[in-house]
Amino acid sequence: MLLRSEPSVLGEARLDVIPNDRQFNNEERHAYLLRHNQNLPYGWSGALNLQGVSDNTYFTDLSTEIAFTSQVSLPREGTLAHSGTWAGSGTYAFGAMLQSWQTLQVDPLQPVTPPYRQLPRLTFNASRPDTWRSDFDFQGQFIAFDTDQASQVIANRTMLYPSVTFPVLTTYGYLTPKLGFNHTHYAVDPNGTAFTSESRSLPIVTVDSGVVLERPMTIAGWSLQQTLEPRLYYVYIPYRNQDSLPVFDSGQKDINLTSIYSENQFSGWDRINNANQVTAGVTSRLINPANGAEVLSASLAQRYYFSTQLVTLPGVSPRTSSSSDLLAALTGQVAPHWVANVGLQYSTNFSQTQRFDVGARYQPAPGRVLNLSYRDTINSLRQTDISTQWPIDQRWVALGRWNYSLRDKRTLEGLVGVEYNADCWSLRFVAHRFAIATNQYSSSFFLQLELNGLSRIG
């Protein structure tokens, strides 16, 4: 591993080589990683991210981290960017990227479709606030999608999206109407012979509004400030038939307390939903008036549809309900030394919980922490996760983690270790085991000696 960090340069290089792997027909195996970020003169910057391995099962055979064994697409990309100001308060940003991938086919029974190469990807964004009592924004993008897959088309996609907002701000609330126009043009080559043109143009209207109400309150002798923040977010987008447009990078957005206030339920620009809808939500916070710190926050939100969904992704059925799932969240300090977070996604149409997450952290002092969490997604997963770091005495510290799947009735990851910390050196021992596939595990043992301020061995 080689690291380099300077005021204008940040880089990381790594090369792992096994000259003869006896478990792999005595063949050479390797993995490499190069990340480099550099600030250039006159507002320019550049970056490289190059990763690759010698074979499809390199990570599942040799890695000791779940984050690596789950990888199936390794990026190979270079970026050049520039940003600056214009017309006084206006800002702009330009980016150019070349991106391709190495796709790992780990499971022959579940082949992975390689992502499209983007050769190149050009973006240009600009904004200028407070222009004739309005804010101007522009998003532009050009991508040349390329692939070697015979079943996939190649195309160039150009997207232009200017918009203007008319914010009305007061000390107790806001009203923000927005008017935008999205134009997307495709030059599609379905069989490698000639490009044909497809395009889509859509006006987009949104109105975001909210009020902030405050009052003082006291809980167990603790003086706090409580807020009540109702919010309404309206979206209108007319219908355009988009069935003839290809899909390169669009997918269904996961619904959460951020995406429920977005104008498009799809990621990417290949699909823009028709919409006549409003999202209603409310947030309440408890704030410590002495320092402004947020002690507790609770939120509710739900989206209501006034029109039928007509725009869908290929093979996906349109929505039939008149409202989204109800979202609820609670986070903050619930007791001395205890911080908790709770998330709920509830289907009011089917009267059932779609997703439930709860977690808590107990930290009575620095170096002493206990984390507990439970996750439940309908027909998908039910997991518990427990982790801790706790001093045994002045020299010894214990740490551990247990991630268990209640649905599959097996341990997904287990870790246990100890550390002995002397004045000028530390010694650590860790045993680690995690699932890499059904009935397959990776087990590893780590022993490390650290000479404080000098080196690490192990």
### Task
Please indicate, with yes or no, whether at least one residue in the range 74-81 is under 20 Å from residue 34 (Cα atoms) and among the β-branched types (Val, Ile, Thr).
yes
### Task
Go through (1) of a type outside the set (Lys, Arg); (2) in a loop (DSSP other than H, G, I, E, B); (3) touching a residue at least 40 places away in the same chain (Cβ under 8 Å) one by one and return the number of the condition residue 308 breaks.
(3)
### Query
Would you say residue 74 is of a type outside the set (S, T, N, Q), within 30 Å of residue 195 (Cα to Cα), open to solvent by 40 Å² or more (accessible area, probe 1.4 Å) and touching a residue at least 24 places away in the same chain (Cβ under 8 Å)?
no
### Query
If you go through the range 331-377 one residue at a time, how many are open to solvent by 60 Å² or more (accessible area, probe 1.4 Å) and of a type in the set (A, V, I, L, M)?
3
### Query
Picking from 371, 349, which residue would you name as being touching a strand residue (DSSP E or B) at 6+ places or on another chain (Cβ under 8 Å), at negative phi and not in a strand (DSSP E or B)?
349
### Query
Restricting attention to the range 268-285, which residues are part of a loop (DSSP other than H, G, I, E, B) and within 24 Å of the chain's Cα centre (by Cα)?
268, 269, 270, 271, 272, 273
### Query
Name the residues in the range 142-165 that are farther than 16 Å from residue 198 by Cβ and at pLDDT 95 or above, would you?
161, 162, 163, 164, 165
### Message
For the range 374-403, give me the residue count where each residue is over 23 Å from residue 336 (Cβ atoms), polar (S, T, N, Q) and part of a strand (DSSP E or B).
### Response
4
### Message
Just to be sure before I move on: is residue 383 at pLDDT 95 or above, farther than 20 Å from residue 257 by Cβ and either surrounded by 16 or more Cβ atoms within 10 Å (Cβ to Cβ) or not acidic (Asp, Glu) (or both) in the structure I sent?
### Response
yes
#### Entry: Residue check for residue 299: more than 30 Å from residue 408 (Cα to Cα), within 21 Å of the chain's Cα centre (by Cα), assigned to a strand (DSSP E or B) and polar (S, T, N, Q)
yes
### Query
Quick one: which of 318, 230, 289 is over 24 Å from residue 184 (Cα atoms), surrounded by fewer than 14 Cβ atoms within 10 Å (Cβ to Cβ), in contact with a Ser or Thr (Cβ under 9 Å, 6 or more places away or on another chain) and not aromatic (Phe, Trp, Tyr)?
289
### Task
Name the one entry in 402, 425 that is over 27 Å from the mean Cα position of the chain (by Cα), open to solvent by 40 Å² or more (accessible area, probe 1.4 Å) and not basic (Lys, Arg).
425
### Message
Out of the strands (runs of 3 or more DSSP E) lying entirely within the range 175-259, which hold 1 or more residues that are closer than 30 Å to residue 335 by Cβ and more than 29 Å from the chain's Cα centre (by Cα)?
### Response
213-219, 222-237
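Rundown of residues vs (1) without any contact (Cβ under 8 Å) to a residue 24 or more places away in the chain; (2) of a type in the set (S, T, N, Q), yes/no style:
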residue	(1), (2)
397	no, no
400	yes, no
409	yes, no
417	no, no
426	no, yes
429	yes, no
442	no, yes
447	yes, no
### Task
Would you confirm whether any residue within the range 64-78 is aromatic (Phe, Trp, Tyr) and either under 27 Å from residue 139 (Cβ atoms) or over 25 Å from the mean Cα position of the chain (by Cα) (or both)?
no
### Total residues in the range 23-42, condition closer than 30 Å to residue 7 by Cα and surrounded by 14 or more Cβ atoms within 10 Å (Cβ to Cβ)
8
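The values are calculated or read from the model by the stated rules, or taken from the named source; none is laboratory data. Computed from a predicted model, the values in this text were never measured in an experiment. Ideal geometry is used to build each Cβ from the backbone, glycine not excepted, and the neighbour counts take in all protein chains shown. These area figures cover heavy atoms from the full protein model, side chains too; ligands, DNA and RNA do not enter into them. Shrake-Rupley method; radii C 1.70, N 1.55, O 1.52, S 1.80 Å.
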